[in-house]
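What follows draws every value from the coordinates through simple rules; no lab data is involved. Source: prediction; values computed, not measured. Note that each Cβ is placed from the backbone with ideal geometry, even for glycine, and that neighbours are counted across all protein chains shown.
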Amino acid sequence: MRTVLLAMSFAVVGLGADFVTEIHPILATRCWSCHSGPTPQAGLDLTTQAGASKVLNVLVARVEGKAGKIMPPVGMPLEPRQIELLKEWVEAGGPWEDVTAKSSDWVAPLEPRAVATPPGEGNPIDRFLGRPAKGVVSDAAFARRAYLDLWGIAPSPEMLERINGNRAALVESLLKDERRYTGHWISWWNDLLRNDIGVVYHGERKSITPWLERALRDNMPYNEMVRELLNPIGGESPEGFLIGVNWRGEVNASQTAFMQASQNTAQVFLGINLKCASCHDSFINKYKLKEAYGLAAMFSKESRLELVRCDNKTGVYQEAEFLWPQLGKIPVDLSASERRYWAAKLFTHEKNGRLARTIVNRYWQKLIGKGLVEPVDDMDAKPSNPDLLDWLANDFAAHGFDLKHLAKMIMTSEAYQYVDALPRRISAEQFSDTLSAVTGEWRFLQSRNSERAMLGRDWEFKSHALGRALGRPIRDQVYTTRDAAATTFQGLELANGSTLAAMLHRGVMRLMGELPPAPENLFDSLMMRSGEKAFEIPVKGLKQVYLLTENVDTYDIAKAEVGWKDLVLVRRGVEKKLEALPVRTPIGSRLVYEVPAGSEKLRGKVWISDASKASDIGTAVRFFAFGSEPDRLRLVKVVGDRPWGPAPLLKSVPETIEYFWRGLLSRAPNEAERSAAMKLFPNRELTREGAEDLLWSLLMHPEFQYIW
Amino acid sequence: MVNRRDWLKTATLAALSAGEARLIAAPSKPEAKADSMILLWMAGGMAQTETFDPKRYTPYETGLRSEKVLSTFPSIPTVLDGIQLSKGLEQTAKVLDRGTLLRSHRVGDLGFILHSRHQFHWHTGYEPPQSVAVPHMGSFISRTLGAKNPDIPAFIDIGQNLEIGGESDSLKAFHTAGFLGSEHSPFLITEPNDAVASTRPSEFLGMSRFENRYKFYKDLVDKSALRDNGSSFQKESLARSLENAHRLLTSPAAKAFDLNLEKAEVAAKYGDSKFGRGCLLARRLVEAGARFIEVTTEYIPFRFWDTHENGHTRAEGMKATIDGPVSQLIRDLEERGLLDRTLVVLATEFGRDMMMEGKPENLVKNQVTVPDVMTEPKHYGMHRHFTEASSVVMFGGGIAKGKVHGETAPERPCRILRDPVTITDLHATIYSLMGIAPDTAYEVERRPVYATKDGKGKAVAGLMRG
């Protein structure tokens, strides 16, 4: 596409330069950085025809360096091709087209706009759209969409069997499960609110996960969420959103925390891009520097901010002011918390129809595949269906800004159920979670300082290579649309990455009943960097004890001196030494001792030598004791509910084939597929390799990778 | 005639839906003097006075005043008349006539020093935080020039483990193609000795099961109903990504990643260190047609070049680590006729001084406690972070031969005396030599993002040949 574009451009040179594609880009990228805005260089504003016409007669001479200082005065001079184009353009009289305005004269309304509900039956949404050409999908396909869109996990074969054609009831029941619903939607909100777990930049940054989880579980009304994000009060508030992403040190004026807040609140809640307007009046939309600062002043410590234009202080100050002052004038000299109160009030003002429209449009994009306004972060653009957008926004507001109501309204429309709906790529989290659900094998979340671990869904873990390859973003910026492209790197990670390979391997073992039971530990030292810790465990009835020395984060494993000592068995009050001297155990190793019959307790200490504390060794280890063969991936005690029911035990090839097809693709395999799959199992025997390869192939299948 | 603006709109939308950032009106390209680039990254702040810009030597003795110490090593002569390097770089001293030593590289002022933040700045040309996800230089080159050999990833990054260390999140933040799209992500190789493993099917799978699995997969997809319905764009792009991956994993070109295939006598010259093996791998990859390779000594806070104490001992060790491999890399490339078209750049995020943090005009908060008087050997070394001047060594692809560019003062505060070169202009030089104009821009959210900040980078004539 790109090469064709350039070829076309060259082809038209000589027929008269085209303003839009040839002259405007030159002006925008090489001239406007100085010749625009309220105080342009030399008083020359090249963003308007009036301004440009003043200098048409000297323009070419200036860029050729033949009349005074060459323009532009920094960077490379214009190249010959560009000068040729300018010559042609000047010769033609400098014709102008207003590139910044849209081709239509659409002005996005501010206030909510009443739209009568069209007469008819069924979901009102469909009355705004035409009849679907190819009809709606089958019940099973609908269920697959609904489960993935509400729970983020494909329906299990049992769940598929229970569907009864009542699609509205299915949507309602999915919405009722707060945990599963939150476990999916939190990733979408994390992208939007730049929230992540445990990311450390050595500057101020605070996760809002506890608040967000609660907001989703309680189905907090959207306008209330916005109010709490804009005016966070109290320890459990989402103040991390306004704190932003900060690196230690000094920062450019356009990226201070309050400027980030200005950009992010405008983008996330109003669909407006103020990033350009954070340094100068925007070249790509109508927003001005003072507007970005006016919004920023609602979130800053000071009540008025000095405008900094392209790194130059202007000496001009801006008070807190909303983008639409007609909704309310903020009094001057308010405290920071009062100004945030005003921000919350104005963003959620009943006359600010853009609040509802923006979120409704985002939900439409998420569920249908394409927003009614595209791009979704440009809510000034014309919707493809203004009446539908406004009706839906009003309905959403009338129902108390209930996000579950919005989801249900969209999902019970025929528009959501078209056979030829836009295919949507499954997310990194949907991929991992569905795989875990199908195999019954979940990763578990453990912390260095807790004796308990929990089975977690993918969102709860820090981003890893597989997740990143499948599109989970680094949330330094707001992400409203993920990169869903299938890239070579993704292919490499899927075809050969160790994370997926391990998940498949362990998952298949669990399905075939080949994973040993994971016993609970009898002793967990938690992470230790130095010193000693005493322990005592009951050993009655045990045949052996296993003493493990596990690495947490040791820098130089070979040099670390750690181990066990003072090990004694206690039997009827009598102690018997197990080892005379302290035992040094290499990190990653284990000791196994036979337990004589009648023994009641084992006592001892774990130790780390003083020398091992040195920064060049950086010892960080964790010791465990078990009464039976431990599962090294399950050393910490697991508590809490499983995210999904247990997977079945697979015993035969036909059973496996049926199960995988239904669990991943929500349908039965056809005959050709069935016989092809059988070939993976020579002698019709269920093998680990065959099951892994079949599982892998179905995970890569476009039918799985996309929501059809 | 189709209305060009409508056509432009659809073209843009199509490009956006294909996930690629649109190249804006490309300025004329400078003539490329190099086809590939190797960045040898001295992570952690390589002390310039202990390496490439030695000053007066003061040996250690108890009671030595810290402010008297500029270099903790004596100097050695090099192949260039009158130019000296620090003791420990004897091999590299012999190949300086193949390139240019830049002593006046002045980096940015970012406030209270954070290594990863300066590294982010150096690798992307932009100071974080940024309102868009800016790409690593390797990704920019990959996107603009494309891969040289389609079976070798265009951008390969060797030696940095991104999952450990106190600043790993901030390192991840710039090891990315950002808005250019993940197709231009770095191909990460943490351990050069294991490189071949990441380019071959894992040993659990084995080649034949790997190939059979893929064949089965393609056959299976063919048998599903999606063959007839369903958008072809989605199916094709997914198929293509897996096809490219499988091609890479079974391609003979991937032999370049296997260090065991190198002649033992040649491999021995690179030594056993991770960095040394990384340099050997980089040479092999250039031969096989990689476009951009970074080999790092690795950043882990307080380790390697990041000397907060024991600077002298550590610098000795680091020089021993890099001296052989760097010089051997240059010699090997030259012997194979590749040096002229390969740009090799050795750089670091800032230099070091004993007394000041930041630069004379812009001091920043102290991070390290430096005693006025040294009482133990661990006090001896360069322990503070100096953004005024660091050394950069550049070889090959269009670089002037046997030159020294810029100069720093012989006495503290070791200011740059002439020819300072900023990150922006150093990048402009690098991009120009690779055939990319410094004001090449991509469109993101309808605004341009340039190769060098605001497109203002100017290539430094003094660094380039002819």
Chain B: Cα Rg divided by the 2.2 N^0.38 Å rule of thumb = 1.04
key: Partner chain coverage, peptide A:553-561 - average Cβ within 10 angstrom   = 1
remark   = Partner shielding of A:464-472, as the mean number of partner chain Cβ atoms within 10 Å, equals 1
request  = Calculate the length of the line joining the C-alpha centroid of segment A:173-198 to that of segment B:409-435, in whole Å.
outcome  = 48 Å
task = Would you order A:Arg131, A:Arg571 from fewest to most other beta-carbon atoms within 10 Å of each residue's own beta-carbon?
result = A:Arg131, A:Arg571
ask   = On alpha-carbon atoms, Rg over Rh for segment A:494-647 using Kirkwood Rh?
value = 1.03
message = Can you tell me how segment B:21-75 classifies by the Cα gyration tensor, rounded, prolate or oblate, using a/c under 1.5 as the rounded cut?
response = prolate
note = Amide H contacts under 5 Å for B:His405, restricted to residues at least 5 apart in sequence or on another chain and with H modeled in the peptide plane, are B:Leu101, B:Leu102, B:Arg103
request  = Pull up the DSSP beta bridges for the protein assembly as shown and report the antiparallel fraction as a percent, rounded to 5.
outcome  = 75 percent
message = Please compute the contact order of chain A in relative form: average sequence separation of alpha-carbon pairs under 8 Å and at least six residues apart, divided by the residue count, as a percent.
response = 12 percent
task = Starting from the Cα gyration tensor of segment A:110-183, take the square roots of the eigenvalues, sort them a ≥ b ≥ c, and report rounded, prolate or oblate (rounded when a/c is under 1.5, otherwise prolate if a/b is larger than b/c, else oblate).
result = oblate
Within straight-line cross-link reach of A:Lys601, lysines at Cα separation under 24 Å, skipping those fewer than 8 residues along the same chain = A:Lys533, A:Lys540, A:Lys543, A:Lys565, A:Lys576, A:Lys577, A:Lys637
request  = Enter the mean number of other protein chain beta carbons within 10 Å of the beta carbon of each residue in A:369-378, as an integer.
outcome  = 1
ask   = If we count every other residue with Cβ under 14 angstrom of B:Phe216's Cβ, Lys/Arg +1 and Asp/Glu -1, where does the sum land?
value = 0
ask   = Using Cα atoms only, what is the angle between the long axis of helix B:274-288 and the major principal axis of chain B, expressed in degrees (0 to 90) to the nearest 10?
value = 40 degrees
key: B:Asp272-B:Lys215 pseudo-label distance in nm [points 7 Å out on the Cα-to-Cβ vector]   = 4.3 nm
query = In deg cm²/dmol and to the nearest 500, what is the mean residue ellipticity at 222 nm of chain A if only DSSP H runs of at least 4 residues count, each as -39500 (n - 2.57), divided by the residue total?
reply = -10500 deg cm²/dmol
key: Folded to 0 to 90 degrees: helix B:232-250 orientation relative to chain B principal axis, Cα   = 50 degrees
remark   = Any lysines whose Cα falls less than 17 Å from that of A:Lys176, other than same-chain ones fewer than 8 residues away, would be A:Lys404, A:Lys408
request  = Label segment A:320-447 by shape, choosing from rounded, prolate and oblate, from the square roots a ≥ b ≥ c of the eigenvalues of the Cα gyration tensor; if a/c is under 1.5 it is rounded, and otherwise prolate applies when a/b is larger than b/c, oblate when it is not.
outcome  = oblate
key: Computed lengthening from A:Leu56 to A:Asp616, 0.36 nm per intervening residue step minus Cα-Cα distance   = 194.8 nm
inquiry  = Let me check I've understood the local charge: for B:Gly398, count other residues with C-beta under 10 angstrom from its C-beta, Lys and Arg +1, Asp and Glu -1. What total comes out?
reply    = +1
message = I need the calculated FRET efficiency for the pair A:Ile83 and A:Asp631, taking r as the beta carbon distance and R₀ as 60 Å, to the nearest 0.05.
response = 0.25
request  = Would you please state the base-10 log of I(q)/I(0) at q = 0.17 1/Å for segment A:276-348, with intensities from the Debye formula using one equal scatterer on every alpha carbon?
outcome  = -0.60
query = Using the scaling law 2.2 N^0.38 Å as the reference, what is the normalised Cα Rg of the protein assembly as shown?
reply = 0.99
inquiry  = On a straight-distance basis, which lysines could pair with A:Lys69 in a cross-link, Cα separation under 29 angstrom, same-chain partners fewer than 8 positions away excluded?
reply    = A:Lys54, A:Lys87, A:Lys313, B:Lys29, B:Lys453, B:Lys456, B:Lys458
task = Quick one: angle between helix A:386-398 and the longest Cα principal axis of chain A, in degrees between 0 and 90, rounded to 10, please.
result = 50 degrees
ask   = Pairs A:Lys559/B:Lys365; A:Lys206/B:Lys148; A:Lys290/A:Lys382: which exceed 31 Å Cα-Cα?
value = A:Lys559/B:Lys365; A:Lys206/B:Lys148
note = Note on chain B, DSSP bridge orientation, antiparallel percent to nearest 5 equals 55 percent
Sorted by Cβ neighbour density within 10 Å, fewest at the top, the residues A:Asp196, B:Asp109, B:Asp332 = B:Asp109, B:Asp332, A:Asp196
ask   = Based on the Cα atoms of segment A:68-204, what semi-axes does the equivalent ellipsoid have, where each is the square root of 5 times one gyration tensor eigenvalue, given in whole Å with the largest first?
value = 52, 28, 17
query = So how far, in whole Å, is the C-alpha centre of segment B:183-260 from the one of segment A:388-433?
reply = 35 Å
inquiry  = Neighbour counts of other C-beta atoms within 10 Å: give me B:Ile330, A:Ile26, B:Ile76 arranged from fewest to most.
reply    = B:Ile76, A:Ile26, B:Ile330
